[in-house]
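The structure appears below as structure tokens.
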Amino acid sequence: MKKTFLFAMTMITVMTLSMCSDNKPTPEKLGWKLAVQCWTFKEYTFAEALGKIKELGVKYVEAYPGQEIGGGYEGTTHFTADAKARQAMKDLLKKNGLTLVNYGVVTPKTKDEWIQLFEFAKEMGIETINSEPKPPEMDLVDSLANAYGINIGIHNHPKPSFYWSPDTLLKYIAGHSDRIGSCSDVGHWVRSGLDPVECLKKLDGHIKSLHFKDLNEKDRKAHDVPWGTGISNVPAMLQVLKDQGYKGVFSVEYEYHWKSSMPEIKESLQNFRKITSELK
């Protein structure tokens with residue numbers, strides 16, 4: 001009887017711990033996709049960057065225009081790339097088991113270029129184009145986004161760039177479709193003297209993608225540090241995004257130690273999962 005009782009209690013404890021573990025948030029459960037913005041590896045070719053992203057264990061990619069393809073292929077990742085270069089990109093992505101989800105930051109200069117960009121994005125399976133369109137271009141961009149079924153994330157560079165403040169973004173996307181929203185670069189908000197937590201709160205329901213970062217100080221010249229070790233309040237940012245029901249891409253855009261950032265990015269990804277598991 002005693003052995004049976006102890007066995008039953010052990011099983012109850014194991015089941016309880018298992019249930020508690022199952023209830024912990026994970027990026028996957030929350031609908032969060034971890035990606036790497038290839039700008040992180042701008043000192044390398046696209047082929048080399050994909051190899052590094054694969055090594056990180058990340059499945060998604062954000063490409064930027066103009067990176068040399070490499071890997072024995074000619075051309076660049078610009079949206080004007082010819083069919084051969086586009087196929088090279090597809091082949092390299094497939095070889096590494098990666099999916100291209102976002103593209104940017106890119107802002108065409110003419111209507112024809114905007115159409116060309118959307119055609120490129122459609123062919124490459126891109127979900128969100130990250131850009132900084134001028135206000136007079138909003139109607140055109142909105143119509144193309146809906147016609148092609150592709151989102152536009154309006155990116156914020158630091159002050160005094162046009163969209164440095166979420167208030168400006170909200171002003172100019174008002175009256176447009178839900179296809180247009182924010183590509184929230186949380187690091188640039190810090191560089192602009194803003195609180196990234198409050199910025200995310202303001203943009204509730206309008207965030208299409210994230211360039212996620214943690215910085216060492218609140219200054220224009222601040223640099224990236226492993227997520228969760230800086231002053232950007234990563235736990236609070238993730239809690240806000242969870243509370244808002246955000247589902248989408250977190251792009252690692254690590255702009256420091258360009259040739260030796262892999263250990264810091266790995267630490268960022270580990271911290272991201274740990275912090276996520278502790279969210280309420």
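A compact table of results
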{"quantity": "Cα gyration tensor, region 28-277 - rounded (a/c under 1.5), prolate or oblate", "calculated": "oblate"}
{"quantity": "Region 28-277, relative contact order [Cα under 8 Å, separation at least 6], %", "calculated": "18 percent"}
{"quantity": "Formal net charge of residues neighbouring CYS38 (Cβ-Cβ distance under 13 Å; K, R +1; D, E -1)", "calculated": "-3"}
{"quantity": "Total formal charge among the other residues, if their Cβ is under 15 angstrom from that of ASP214, Lys/Arg +1 and Asp/Glu -1", "calculated": "-3"}
{"quantity": "Leading residue at positive end of dipole, region 28-277 (Cβ point charges), from LEU34, PHE118, GLN67", "calculated": "LEU34"}
{"quantity": "Fraction of antiparallel bridges per DSSP, the chain only, in percent to nearest 5", "calculated": "10 percent"}
{"quantity": "Sequence ranges 27-33, 44-50, ranked by mean other-Cβ count within 10 angstrom, highest first", "calculated": "44-50, 27-33"}
{"quantity": "Entries of LYS95/LYS221; LYS111/LYS201; LYS84/LYS159; LYS221/LYS266; LYS29/LYS213 with Cα pairs more than 28 Å apart", "calculated": "LYS95/LYS221; LYS111/LYS201; LYS84/LYS159"}
{"quantity": "Spatial separation of Cα centroids for region 145-182 and region 74-128, in angstrom", "calculated": "21 Å"}
{"quantity": "The chain, helix-only ellipticity at 222 nm - DSSP H runs n ≥ 4, -39,500 (n - 2.57), divided by all residues, nearest 500", "calculated": "-13000 deg cm²/dmol"}
{"quantity": "Gyration tensor (alpha-carbon) shape descriptor, region 98-194, a/c threshold 1.5", "calculated": "prolate"}
{"quantity": "Partner aspartates and glutamates for LYS134 [C-alpha distance under 13 Å; skip if fewer than 8 residues away on the same chain]", "calculated": "ASP142"}
{"quantity": "Cut-off 14 Å between beta-carbons: net charge of the residues surrounding LEU56, Lys and Arg +1, Asp and Glu -1", "calculated": "0"}
{"quantity": "Antiparallel content of DSSP bridges confined to region 123-280, in %, to 5", "calculated": "5 percent"}
{"quantity": "Inter-site label distance for ASP139 and ASP112 at 7 Å from Cα along Cβ, in nm", "calculated": "2.2 nm"}
{"quantity": "Span-rule helices in the chain, defined as complete DSSP H runs reaching 27 Å or more along the axis (Cα) with Kyte mean at least 0.5", "calculated": "2-22"}
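A short reminder: the numbers here are calculations on the coordinates, not readings from a lab. Remember, predicted model here, so these are calculated numbers, not experimental data. Virtual Cβ from ideal backbone geometry, glycine too; neighbours counted across all protein chains shown.
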